[in-house]
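Everything on this sheet refers to the single structure shown next.
The values are calculated or read from the model by the stated rules, or taken from the named source; none is laboratory data. Because the structure is a prediction, the values reported are computed rather than measured. Cβ placement follows ideal geometry from the backbone for every residue including glycine, while neighbour counts extend to all protein chains displayed. Note: accessible area is taken over every heavy atom of the protein model, side chains too, but ligands, DNA and RNA are not part of it. Shrake-Rupley method; radii C 1.70, N 1.55, O 1.52, S 1.80 Å.
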Amino acid sequence: MNEVEFEYGPVSKGIYIALIALAPLIPVAFPRFSVSYIVFIVFLGFGLRPLLHFSGAYAMWNSCRVYALEKWDRKFLQRHRAKIDRKVRDDAYRKSRVRDPRLPKRW
């Protein structure tokens with residue numbers, strides 16, 4: 001089965017539906033732009049997805065987005081691991097029977 005590479009999100013679908021709803025009002029309000037507006041709506045509906053697919057723009061955007069998310073995730077996990085290691089080390093000092101003389105009084 002042929003899977004679609006990407007789907008439009010709810011915001012872009014909503015904007016497109018709003019543009020279609022405005023299509024009858026455009027020739028009345030702006031008669032000079034009515035033909036170009038209809039061509040624009042048809043392009044968004046039928047031509048944008050193939051253009052993004054064949055030009056590779058979506059694949060490039062997706063790879064950049066994934067790289068940025070992985071980098072952020074890596075930094076977050078490193079900070080989280082360091083925090084857990086510090087907590088384990090501090091708990092070991094706090095719960096030891098023999099107090100280290102270098103520690104503060106109520107550690």
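Could you grab me the full set of residues in region 60-107 that are out of contact with any Phe, Trp or Tyr (no Cβ under 7 Å at 6 or more places or on another chain) and touching a residue at least 12 places away in the same chain (Cβ under 8 Å)? The answer is Asn62, and nothing else.
Taking the listed residues Val11, Val28, Val66, Val35, the one that is part of a helix (DSSP H, G or I) and open to solvent by less than 90 Å² (accessible area, probe 1.4 Å) is Val66, with no other qualifying.
Can you name the condition, by its number, that Phe54 falls short on among (1) in contact with a helix residue (DSSP H, G or I) (Cβ under 8 Å, 6 or more places away or on another chain); (2) exposed (fewer than 10 other Cβ atoms within 10 Å of the Cβ)? Status for Phe54: all satisfied but (1).
Consider region 40-51 and keep the residues that are open to solvent by less than 90 Å² (accessible area, probe 1.4 Å) and more than 22 Å from the chain's Cα centre (by Cα). The one that is nearest to Ala21 (Cα to Cα) is Ile41.
Scan region 72-101 for residues that are open to solvent by 100 Å² or more (accessible area, probe 1.4 Å) and polar (S, T, N, Q) and the total you get is 1.
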